[in-house]
Amino acid sequence: MLPVTFRTEVDPQFRRRTELLAAIAAAVFLLLIGRLFFLQIVQGDRFTYLSENNRIRLKKIPGTRGMVFDRRGQLLVDSRPSFDLLFVPEDAVDPEATLRSLARFLGQDEGELFSLLDQKKARIPFEEIVVGRDIDWRSVVTVETHQLDLPGVNLRIRPRRSYLLNHMAAHLLGYLGEIGPKQLTSLKQKGYGMGDEIGQFGLERRWEEFLRGRNGGQQVEVNALGQRVRVLHEVEDVPGNSVYLTLDRDLQETAGQAMQGKDGSLVALDVNSGAVLAMVSNPAFDPNSFARGITAEEWRGLMRDRLHPLNNRAVQGTYPPGSTFKIVLAIAALEEGVIQPETPLSCHGSMVFGNRVFRDWKKEGHGSVNLHKGVVQSCDVYFYQLGQRLGIDRIAKYARMLGLGARSGIALDDEKTGLIPDTEWKRKRFGQPWFPGETPSVAIGQGYVNVTPIQMANLIATVANGGTLYRPWFVRKVESLDGTLLQEYGPEKIRSIQLKESTLKYLRNSLSDVVNSGWGTGGRSRSNLVQIGGKTGTAQVAEMRGAYVKSEQLSYLIRDHAWFVAFAPVEKPEIAVAVLVEHGGHGGSAAAPLAKMVIEKYISLKNQPPEQQLTSKQGESHAN
Amino acid sequence: MQIDRRLISHFDWTFLSLTLILALAGIVTIYSATYSITEGQSSGLASKQIYWLLMGMVALLACLAFDYHYLDRIAYPFYGTVLALLFLVLFIGTTGGGSQRWIHLGFFALQPSEPAKVAIVLVLAKYLQYDQPRGGYRLRDLWFPFVLVTPLTLLTLVQPDLGTAIILAVVFLSLLLIGGLRLQSFLCMAAAGLGFLPIAWRFLKPYQQNRILTFLNPDLDPLGAGYHVIQSKIAIGSGKLLGKGYFGGTQNQLDFLPAQHTDFVFSVFAEEWGFLGCVFLLALYFALMGVALRVAARAKDRFGSLLVLGMITIFFWQVVINAGMVTGVLPVVGIPLPLLSYGGSSLLSMMIAVGLMMNVNMRRFTF
C-alpha cells in the first residue's frame, strides 16, 4: 500500500476512502495476476498443446495403390493422382462471394455451385463439400494461385483408381471403398486411417496387403481460415506393389464382348495349370464408379438390383448343370464298368420309372443309343438308365472327385459350394432315405444338383488334362515398383484322379463329336481354326423360380439356363471354357457360340505374328 | 497563459514516463498484432497509432497549460458538447462491427463515447467538490448528477457500446462512493441497478447477449460466440512463463485471435511475453495509478482530488474489465485496454486524462 498523506484541507473521511480505493485496486490486481498464473503457469502446458493443435494440421497424402497387369504385362488397373475441390463454407467470410470468384476462376456456372451449397443444407458444420471431383490440371493451378482470394476452398489430392477394362473384369478385380468404422478398429494397427480406401471385393480385397500404398503425410501450419501457411514436416508416401495376373486382357475383352447383353458367367482356364485366363460375370458394375466415389443412390441401386450385379456369378452363382453333368455320368459308368460303351439302350422319348414319366428332350426319341451317341446327342433316356445302374452314391463320388459340390479354392471371397446330393446328405438334410425315383433327375444334372461355373470349368479342364484337378488361380506374381520379386504363385494340384486311359480317350472323342460330328448338340461351336470338344447343357429352372417371380418377368425367368463346357485343341488341350447364360435357352445355340469366340481368340493370340509378340514382350519387360 | 517556472519544477516525469512506456508497448504490440505473414508486412495501424500518440502528447501538454480550476467553469459546456455529439452519432454516425459509434471528421473518426468518460468525471468533480453533508450523500442530494449521467449512459448503450456504457456507470458509481455516499443509499442504488438489468438486456444486440450467455456457459457455442474467449485463453496460457517471443505468438500470427490489435491486445502481449511480461505490464498500470493516487492525496482541494480520482477509476476499471474478459473471468463486452489498445479516440482520451492529472499535480502549490 502506498503512503497517502492528505493535506489538512481535505476531509479525513475522504482520505480514508481513497486509501480503501488503493487497497481494493491492489487486491483486484493480485486477483488478475492469480488468474494469469493459473492460465500461464498451472495450465500453460495444456494451452500450449491446444495452440499447437490449433495451428498444425496433418494432411494425409494417400499412398498410390499398386498397378495390376495381365499375363503379358498389359496394364489392367492403374492409379493416377487426381484432385478434388473442397469447400468449407464456415471457413469463408462470405461463402457466396467465394463461390462467385471460384466460378469466375474456373469459368464455371455459379448457379451450379450454388445449387451444390443448397443440396448440402442439412450437413454437419465444417464438413467439406466436394464441389469438384478429379478436376483438370488447369483448374488445380488456378485454385492454387488464387488461394488467398478463395477462403474456405481447398484441394485434396487423391490417387484415383482407374480400371481400364471398365465393367469387363469387374468381379475378378473387385473394387475399393472407404474403410468402414468396423474395419478401421481392426486395421488401425496396420496404419489405416479415417477416409482411407481399402479393397472391398475381389483381387483388390484379397491382395490388399500387396497393393496398398503406405500413406505419407505433411505437417502443415495453417491459419485461422485453415489455409496452409507452410509445411513443417513431410513423410513421403510409399506406392503399392505391382500385381501380375494370369488373366489375358485381350481374351478377357473377347469374353466380355461375347457375354455382352447376357446374364451369366464365362470362365476360361489354362487346362494344364488351372490358371484363370478370363472370367466374366454379368450383369456387372463399373469399378471406376467406386473409385470416383460412389453415390449413396448408385450404391442403393446396385444393392437393390434383383439381378445382384455385385455377385460374382463365376463363383457365387449356383445352377443346375443340366446335361453338362452327363460327363460325370459317362466317366463314372466307364470307370465302374456298369455298361459296355457300345451296348445300345433304346430311347423312345421317355421312360417310366415307378409312377413317374421321365421325358427326353427329344419327343420322338433317339432310337438305339450307345454311350457315344448318348453324349453327342445328349440323350436323356440313355443317362436315366446309366444313373439307375450307377446309383446316387457312385454318381456323387465321381462328381465330387471332379471338383463339384465343393469350393474350387480360388482366392475370391464368398465362393459357394454348390450341391451334390447323396443318400447321406438326404438323410441329414431331410431325415429321409434316398428314393431311387430321384436318381434319374440327378443323372441329367437336375433335381438337387447345383454347381458354379468355375466348378464346371475346372471339371472340363480336368477331363482335358487327363485327370488332374487344379486349384484355379489368377495371380502370377507380385513385384515391388523397382522390380523385386516379392511373391510368386504357381499351379496347385488338388488331386490327381486315376482314370483309365480308355475312359479319357472315349470321352474326349465323344465330346469332340458333340461339336464336330455334324449331328451333335454343340455344332454351333465348330471352328475352322481349332478342333474344339465340349458338352451342351440346358438346365430347367421353371419349377424352382416360378413362384417368386412377378408375372411380367415370368417369361424371361422361366426360360432355361444355357450351358456349354468346352476344351481345345482336342489333340493337346490348352484351354477350358465354361459358359453359362442365365435363361439363355438351349446350350447349343445360346452358350456354345460364345465359348467358340473365346477359344478362337485364344488360338489367334497364340499364333500372333512375331512382331506383335515382340510388342507384348516389351510390355512385359517394361512392367518388370 | 504564461507557464510559471514553479510549475515546470513540479512537472512529474515519472508520471509521463509510465504513460509513454505503456503507449509504446501498445504500439510495439499492435505492430505484431497487425503483421501479416502471408504478405510479409504489417498493416499501417502501428504507424497510425504513433501519430495518435504524438497528437496525444500535444493534447497532454495543452492540458497542462491552464489552471485546472478552469475546468470547473467549462465542465457543463463540455458535458453539453459531448451529449450533443452522442445524439449526433445516432443519426450521422458510421457503423462498425454492428454498432454506430463514430462521427467522421474528415481526418479522423471521433468516438464520442470516449470523451464522455472524461465528461462524467468533470461534472461529478464539479458537483461533489463541496464538502459532503454529514453522514454522506443521500440519494435526494444526488438527483442532479443522475440527470446528467443517465442520458450519456443510455445514448452509449443504444449505439450499442455496452463496454463504454458499463465504464460510464461504474466510474459514476465509484466517484459517488469516493465522494461520500450513504451505505443505505448505495444499497438502494444497487437494487435499482439490478432492476434495470432486464431493461438494459433489451438494448443489447443479439451478439452481445450471446457473449454474456457464453460467458456464463462457454461450452454453449465453442465455435461461435465462445470462440473469442477460448482462443484468447489459449493465446495467454500458451505464453507460459516467458512467452513465445516477439512475433512468436502463433495464435496471433495465424489469426486465431479476434480483434488482436484492439480489445484483445493484451492476449497478444501475453502470448509473446508470458507471465513475467504480464506481471510487468500490470505493475506499470499499478505504478501509474499509485502515482496518480499520490497526486489525488496531495491535491490542494477537493475538486482537484476528485478529478484525479475520477481519472484513476477510468483507468482502473478499463484495465480490470479488459484483462478480466481476455482471461475469461468477465464477459466479452468490448472495452479497450487504456494506452495499449489501438484506437485514436481512446488513446487521445487517456492522454488527456493523464494531462489533467499532471495538471492537478503541478498546481498543488499555486493559489
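Bear in mind these aren't lab numbers, they're just calculated from the coordinates by the rules spelled out. Source: prediction; values computed, not measured. Because the Cβ atoms are built from the backbone with ideal geometry, glycine has one as well, and the counts that use them run over all protein chains shown.
Taking the C-alpha atoms only, the angle from helix A:12-37 to the longest principal axis of chain A is near 30 degrees. Remark: relative contact order (region B:12-132) = 16 percent; criterion is Cα-Cα distance under 8 angstrom and separation of 6 or more residues. The lysines whose alpha-carbon is closer than 17 Å to the alpha-carbon of residue B:117, local same-chain residues fewer than 8 away aside, are B:126. For region B:225-367, the Cα gyration tensor yields ellipsoid semi-axes of 33, 14, 12 Å (square root of five times each eigenvalue, largest first, whole Å). Other residues within the sphere of radius under 11 Å centred on the Cβ of residue A:335, judged by their own Cβ, net out at +2 (K and R +1, D and E -1). Dividing the Cα radius of gyration of chain B by its Kirkwood radius returns 0.96 for Rg/Rh. Annotation: peptides B:68-78, A:316-326, ranked by per-residue average of other Cβ atoms within 10 Å with the highest first, follow the order A:316-326, B:68-78.
Over all pairs of different C-alpha atoms in region A:452-540, the reciprocal of the mean inverse distance, the Kirkwood hydrodynamic radius, equals 15.7 Å.
Per residue, the convex hull spanned by the alpha carbons of region B:29-84 comes to 109 Å³.
Legend: residue pairs A:397/A:596; A:373/A:505; A:373/A:426; A:500/A:606, Cα-Cα distance threshold 25 Å; pairs beyond threshold, A:397/A:596; A:373/A:426; A:500/A:606. Our Cα-only numbers for region B:263-338 put the radius of gyration and Dmax at 14.3, 44 Å.
Gyration tensor analysis over the Cα atoms of region A:270-417 returns equivalent ellipsoid semi-axes of 41, 19, 13 Å (largest first, whole Å). Between region A:29-61 and region B:295-367, what's the alpha-carbon centroid distance in Å? Distance between centres, Cα-based: 31 Å. Our summary gives chain A a relative contact order of 14 percent, counting only alpha carbon pairs under 8 angstrom and 6 or more residues apart. Compute for region A:363-482: radius of gyration divided by Kirkwood radius, i.e. Rg/Rh, restricted to C-alpha atoms, rounded to two decimals. Here the Rg-to-Rh quotient is 1.09. For region A:203-260, the normalised intensity computed at q = 0.27 Å⁻¹ comes to -1.01 (log10 of I(q)/I(0), Debye sum over alpha carbons, equal scatterers, no solvent). Packing-based ranking of B:328-334, B:184-190 yields B:328-334, B:184-190, ordered from highest to lowest mean Cβ neighbour count within 10 Å.
When the gyration tensor of region A:354-409 is built from Cα positions, what are the square roots of 5 times its three eigenvalues, in whole Å, from largest to smallest?
Semi-axis lengths for region A:354-409 are 25, 14, 11 Å.
Along each principal axis, taking the top coordinate minus the bottom one, the Cα set of region B:74-215 gives 49, 40, 19 Å in descending order.
Rounded to the nearest 20, the Cβ-based charge dipole of region A:400-480 about its Cα centre (Lys and Arg +1, Asp and Glu -1) stands at 140 debye. Take each residue of peptide A:216-223, count the partner chain Cβ atoms within 10 Å of its Cβ, and average: the result is 2. Rounded to the nearest 500, the helix-only mean residue ellipticity at 222 nm of chain B stands at -22500 deg cm²/dmol, with each DSSP H run of n ≥ 4 adding -39,500 (n - 2.57).
All Cα-Cα distances of chain A, cut into 20 Å bins from zero to the largest, leave 17, 38, 24, 13, 5, 3, 1, 0 percent in each bin in turn. Look at the alpha carbon pairs under 8 Å that are at least 6 residues apart: their mean separation over the length of chain B gives a relative contact order of 28 percent. Taking each DSSP H run with n ≥ 4 as -39500 (n - 2.57) and averaging over every residue of chain A yields -11000 deg cm²/dmol at 222 nm. Here the simple spin-label model places points 7 Å from the Cα toward Cβ, and for residue A:481 and residue A:342 these points are separated by 6.9 nm.
Considering the zone a paramagnetic label at residue B:138 would reach in this model (a point 7 Å from Cα along the Cα-to-Cβ line), which residues of region B:177-214 have amide N under 17 Å from it? Label zone hits: B:180-189.
Please compute, over every Cα-Cα pair in region B:141-280, the percentage with a separation greater than 23 angstrom.
Details: 5100 of 9730 pairs.
Percent of Cα pairs beyond 23 Å in region B:141-280: 52.
For the peptides A:294-304, B:239-249, A:403-413, the ranking by packing is A:403-413, B:239-249, A:294-304, with the highest mean count of neighbouring Cβ atoms within 10 Å listed first.
Mean per-residue shielding of peptide B:268-276 is 2, counting Cβ atoms of other chains within 10 Å of each Cβ.
Mind giving me the FRET efficiency for residue B:104 and residue A:96? R0 is 25 Å, r the Cβ-Cβ distance, nearest 0.05 is fine. For residue B:104 and residue A:96, the calculated efficiency is 0.25. Computed from the Cβ-Cβ distance with R0 of 41 Å, the FRET efficiency linking residue A:46 to residue A:556 stands at 0.05.
Between residue B:51 and residue B:74, the FRET efficiency estimated from the beta carbon spacing at R0 = 25 angstrom works out to 0.40.
Residue-normalised convex hull volume from the C-alpha trace of region A:91-221: 170 Å³ per residue. A Cα-only calculation for region A:426-483 places Rg and Dmax at 19.3, 64 Å.
Extension gain for residue A:114 to residue A:305 (0.36 nm times residue separation, less C-alpha to C-alpha distance): 65.5 nm.
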